[in-house]
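Throughout, read-outs are computed from the coordinates displayed, never taken from laboratory work. From a predicted model like this one, the values you see are computed outputs, not experimental measurements. Ideal geometry is used to build each Cβ from the backbone, glycine not excepted, and the neighbour counts take in all protein chains shown.
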Amino acid sequence: MARPAASVMLAAQNASSRMADRHTPFVFDDWYVAAFADELGPQLLARTLLGRGVVMYRDPEGRVVAMEDRCPHRSMPLSAGQLQDGQIVCAYHGMRFNAEGDCVHVPSQATCPRSMGVRTYVTLERGPVVWIWMGENETADPQRLPDQDWLTSGDWETSKGYLPLKASYVRLQENLLDLTHLSFLHARSFGTPDYASAAYETDIGEGHFVVRRNVVPTTLPPVWAEPTGIKGQGQAARIVRSEFRSPGMHEVSVSFHDCTLPETDRPTFRIRTAHLPTPETATSTHYFVVHGRDFAQHDKAMTRFMHEQLFVAFQEDVDGLALQETVLARTPPQELYEFSVGADGPSVAMRRYLLARANAQGSTDASRRVL
Ligand code: FES
Ligand SMILES: [Fe+2]
């Protein structure tokens, strides 16, 4: 079959149109990583988050400030200005704004215009990351922040990194729930041939999408074989739990053990990875990653080794998703169809959920359009 019949293509198109994609408005009412905590200090950092320009810094007390990166006078980016005593001085006409976004000084007159100010955002600092609520400030709900004790407990040795991704965050979230790609896209890094066909279970509910995959027995690639010491052919168990936590967080938990040792006498090695995608534009994403392990906590050489190997693999996702986005961009919408298979079940459900969340918040609001 060179090309499916028109009716089949139409059915595939219709199925795709019920899922979030690069044209779907962002989900604003949620938490996203705005920056790593150590990126923020007494200097201005500009970043586009969910299509909006945001400028961030720390005030003299170390508190994180985030506000719209646009001067309310004549729309100069505030990030082009100067930070003085925790206040931004606009680069154009020198108006000054405090950490609450209020205008506190206009050089050409004695008083500020009434109600002149800049929109600020609610932020939460948790361990290595700073989260930002991109919806209205009154709706900011700390309860919606995904539980992430391991990131802040100190019991896990962590490393972190950032990857600029030239693709929609939807496709990254899809990639993370579909681990069959490890055998192919990651064939030269942390994938193994048996991964794609290994038994798996799914758990799908409202906003809850989990895939468990037991790759047993298997051979570990160097990134896991070296730190665990489980190096024999077909000697290892690799038990993976992959969970969508929110539009801005996906968590992968993996445990490894040596299958040749008795159950009562074998160590278990656990690793976790927080994948933290924050949409930049419709087709670009800030991809923050924090990786952790619960063994050999103070072995910095091991941390370096694992970090380097892992980020080679994550770069394979970034490169692959950018290629995919290029094809999506050049395919006329009326000709775009995609078929799903059984393993896509959780990601299809997740993309439907994102679409429902986006539609529920009012797609007619012009300020929420996808850029
Ligand atoms: S544009 Fe900022 S002070 Fe005029
Ligand atoms: Fe991947």
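Here is how the numbers come out for the structure above:
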{"quantity": "Hey, Leu336 of a type outside the set (D, E, K, R) and within 16 Å of ligand 2 (Cβ to nearest atom) or not", "calculated": "no"}
{"quantity": "Selected residue (only one of Gln82, Gln143, Gln43 is over 21 Å from the mean Cα position of the chain (by Cα), polar (S, T, N, Q) and closer than 30 Å to His291 by Cβ)", "calculated": "Gln43"}
{"quantity": "Members of the range 53-66 found to be surrounded by 15 or more Cβ atoms within 10 Å (Cβ to Cβ) and part of a loop (DSSP other than H, G, I, E, B), listed by number", "calculated": "Asp59"}
{"quantity": "Filter result (polar (S, T, N, Q), under 28 Å from Pro164 (Cα atoms) and within 16 Å of ligand 1 (Cβ to nearest atom)) within the range 39-95", "calculated": "Ser75, Ser79, Gln82"}
{"quantity": "Identity of the residue in the range 67-105, assigned to a strand (DSSP E or B) and over 15 Å from Leu45 (Cα atoms), that ends up nearest to ligand 2 (Cβ to nearest atom)", "calculated": "Phe97"}
{"quantity": "Residue match in the range 243-253 (condition: surrounded by fewer than 19 Cβ atoms within 10 Å (Cβ to Cβ), of a type outside the set (D, E, K, R), closer than 27 Å to Gln297 by Cα and in contact (Cβ under 8 Å) with a residue 12 or more places away in the chain)", "calculated": "yes"}
{"quantity": "Evaluation of Val216 against (1) touching a residue at least 40 places away in the same chain (Cβ under 8 Å); (2) within 25 Å of the chain's Cα centre (by Cα); (3) closer than 24 Å to Cys259 by Cβ (one fails), failing number", "calculated": "(2)"}
